[in-house]
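A short write-up of the structure that comes next.
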Amino acid sequence: MPKEPHSHTALSRVEREALAGEILGASVSFPASPALREPVTGTLIDESLSTFTVRLTGTSRAVRVPKVGVEGTIALASGELSLIGDTLRVRPEDRTKRLLSGGSRRLS
């Protein structure tokens, strides 16, 4: 089966700079969607190529949220930003260089 190209949403310079920095520890919120059965709200505690790990608000329970098809918000020092999982589907250690320098899989 052929791979479908990643759909990337255009990010402003401010959004690219904010998302290129440290996002762990930020508050996130994902509404229920086809990618998620129930809404998820909490603190982002880990990130991989294809998932976010979120500690749910008010508990010590952590859940994995797939990046594919998920959209939500993230609260960073620069303010609240849209968080589109497909846009951040890169290895966390590569996110900075790809967002700021326009690497081979640039997130336009």
Matching residues in the range 19-28 (open to solvent by 40 Å² or more (accessible area, probe 1.4 Å) and not in a loop (DSSP other than H, G, I, E, B)) number 1
Cβ-Cβ below 9 Å, separation at least six or inter-chain, first residue in the range 15-30 and at pLDDT 95 or above, second assigned to a helix (DSSP H, G or I) and open to solvent by less than 60 Å² (accessible area, probe 1.4 Å): which pairs?
30/85
Conditions (1) small (Gly, Ala, Ser); (2) touching a helix residue (DSSP H, G or I) at 6+ places or on another chain (Cβ under 7 Å); (3) more than 16 Å from residue 95 (Cα to Cα): number failed by residue 25:
(2)
So which residues in the range 40-99 are part of a helix (DSSP H, G or I) and either open to solvent by 30 Å² or more (accessible area, probe 1.4 Å) or at positive phi (or both)?
86, 92, 93, 96, 97, 98
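The values are calculated or read from the model by the stated rules, or taken from the named source; none is laboratory data. In this text, all values refer to a predicted model and were calculated from it rather than measured experimentally. Quick reminder, even Gly has a Cβ in these numbers, built from the backbone with ideal geometry, and neighbours come from all protein chains shown. Protein only, heavy atoms only, side chains kept; ligands, DNA and RNA dropped before computing areas. Shrake-Rupley method; radii C 1.70, N 1.55, O 1.52, S 1.80 Å.
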